[in-house]
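Everything below concerns the one structure shown next.
The values are calculated or read from the model by the stated rules, or taken from the named source; none is laboratory data. Remember, predicted model here, so these are calculated numbers, not experimental data. In this analysis, Cβ positions are derived from the backbone assuming ideal geometry, glycine residues included, and neighbour counts consider all displayed protein chains.
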Amino acid sequence: MSESELEPTIEETPPPKADSPRQRFWKRMVRNPLALFSMVWFVILIVSWVWPELLATHDPFKQDVTLQRLFEGPSGDHWLGTDGLGRDHYSRVVFGAGFAFRSIFIAMTIAIGIGVPIGLFSGWRGGRIDRAIMWVNDVLFSLPIILLAMAVIIILTPSLTNAMIGVGIAMATRFVRLTRGVTLAEKEELYVDAARITGISVPRILARYIAPNLLPSLIVQAAIISGAIILIGATLSFLGIGASLDDPDWGVMLNRARPDFRREGIWQIMPSGGALVLTVLAFNLLGDAIRDAIGRDASSNALTITKRVSVAAASTSHAEGDDLVISVRDMDVEFPSAKGPVSEILNGVSFEVRAGETLGVVGESGSGKSMTMLSALGLTPAPGRMTRGSVNFLGEDVTNLTEKAWQSIRGKEVGVIFQEPIAVLNPAMKVGAQIMEPLRIHMGMSKAEARTRAVELLTEVRVPDPARRLDQYPHEFSGGMAQRVGIAMALACEPKLLIADEPSTALDVTVQGQILDLLAEIQTRRNMAIILITHDLGVIAEAADRVLVMYGGQVMETGSVEDVFFRPKHPYTKALLDTMPQNHSGDGELAVIAGIVPQPTAWPTGCRFAPRCVHATDSCTSTMPPLLTVNTDVVRCLRHGEEGFDLAQPASGTEVLS
Ligand code: SF4
């Protein structure tokens, strides 16, 4: 059954009961014989570590003072024989597990404790700081681990603990790389953007949103590195600079057997060598098995959804009253370019929206729509920055607000709905927890109060069985239902301004209509201002009161829906209208705008639309058109007002639907 068939009835059929990700993971693990072997081996090792007396048959330090039972082979009394001092090999191997796990614990605690925070910080900050950190990390990464361990031993004193401190520092470089890579990828995900816009602080985003998604990779890496740590620890002990030469450490046992095994037989090295090989092998097999078990889920769930930046939403209400919610004036945004001069992404952008009004922002991809909204909310992606202009929100100048001050506005006074409803939800958190987060942060609600409010919000956006749905994960929601959750999250703190960035584009036509209707209904009830970003003029016609047309990071035209659709003043607006399927007469191919939006590093001289404009003249390619005021609207075209220059012919079939 399609999503569109499901949603009009609101009685969405619950999906068949499926295994949870955790259940699927364990099923795959136990069905994998190599993983099963690893897990059984680890159970034995862990028991040996925690309670060695349970498995050992002799005191591992007890020597044979009679000198009668030296270098024995396996027997009923000594299952794996004895060493040159008559000590029981089997019992020493059992006690040796404790040394191996202690090595892992020390080195791994240091490696993760240092590597993960640095990787999170480096990946999140990006830019020069990231490059500097990675340069230092790569230098350390290239050094042999044993060399670093030996350096620490020289500085401190020879012992297994000190050796493992050195190994931990060396291994931290692996975790820096891993964590930084995951953070770089995760911070581009829409659910992280949504969390920032919701006003969640950066440390909390790193801890609650990025770290849980790092966990699977971290576990796999830790399993594989643990095998390497045991091997390095044993090597150092074998060389006599790790554990004490009396300890039942596997490396020490190999060291003590080395002079004797040719004369006394293979059983002098078999017990410790076998334990070492089996344990390293088990760690590697376990790492591979976990990666396979997790990977099959990751390849099919929301974690892999590609980020797409967005557009649009709606309301059929018209602006009433003159309560200014947001006003942006002459905003420039620039990005430093790696190859040359600064790239000007936005130039002189101005607009305003009032309570109860819907402003439709339209333009092709790359025209600057989403960047305009991000910059207006103080979220210009680094290393870009707003270099000119001002932003006024609810009567306050917020142009130079600190990030901390913005966090109390975003998510509370401003809500944002994105295009990809599933991608905007953190796949590792239950839906209820995600809706409750802004309520707890901004409204100071207790957990119980936030849950009650979350149920009310899901009811308001018409999600059936809301109490049950709160305890589900995002992958259990259809696209339409996930978008309703996104709307509930955006509306949680009763924002004065809702930015809807292509909220219905990823949905099928029927569900799209429902979402637009729902937004319109909620807007009427709450008298919210809405900024609806879209490339779809049909959505604008249906939902907006006024229109802002953007191209090349500039405002090309503003006007009421009626003016823009029936009396366009700018050739770009006219060209967009001509490409609407509704305006196609049925003969020939659909109209297209020739060419593409240029890159910010290659803005043409003069009018930025000139290379694609069918009305361009010589002066258009040399003179930047100023922004002309026409009554309450603006237009950026040199030929506007020129005698005989008339774009006001409505394209055939154009109809304003609202
Ligand atoms: S200024 Fe010239 S090139 Fe630019 S939109 Fe107007 S007519 Fe076209």
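At-a-glance table
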item	result
Residue count for region 133-160, restricted to those that are surrounded by 12 or more Cβ atoms within 10 Å (Cβ to Cβ) and farther than 14 Å from LEU239 by Cβ	12
Selection from region 393-436 of residues that are more than 22 Å from SER350 (Cα to Cα) and among the aromatic types (Phe, Trp, Tyr)	PHE418
Whichever residue in region 590-623 is modelled with pLDDT under 85 and assigned to a helix (DSSP H, G or I) and, among such residues, is farthest from the ligand (Cβ to nearest atom)	THR601
Unmet requirement for LEU239, which otherwise passes all of (1) of a type in the set (A, V, I, L, M); (2) touching a residue at least 24 places away in the same chain (Cβ under 8 Å); (3) over 21 Å from VAL139 (Cα atoms)	(2)
Top-ranked residue in region 624-644 [being of a type outside the set (D, E, K, R) and loosely packed, with under 14 Cβ neighbours inside 10 Å; ranked as modelled with the lowest pLDDT]	GLY644
Residue match in region 626-644 (condition: near the ligand (Cβ under 7 Å from one of its atoms), assigned to a loop (DSSP other than H, G, I, E, B) and of a type in the set (Val, Ile, Thr))	no
Unique residue being in a strand (DSSP E or B), more than 17 Å from the chain's Cα centre (by Cα) and not acidic (Asp, Glu) when the list is MET386, MET445, MET436	MET386
Selection within region 260-316 - among the hydrophobic types (A, V, I, L, M, F, W, C), modelled with pLDDT under 85 and not in a helix (DSSP H, G or I)	ILE305, VAL309, VAL311, ALA312, ALA313, ALA314
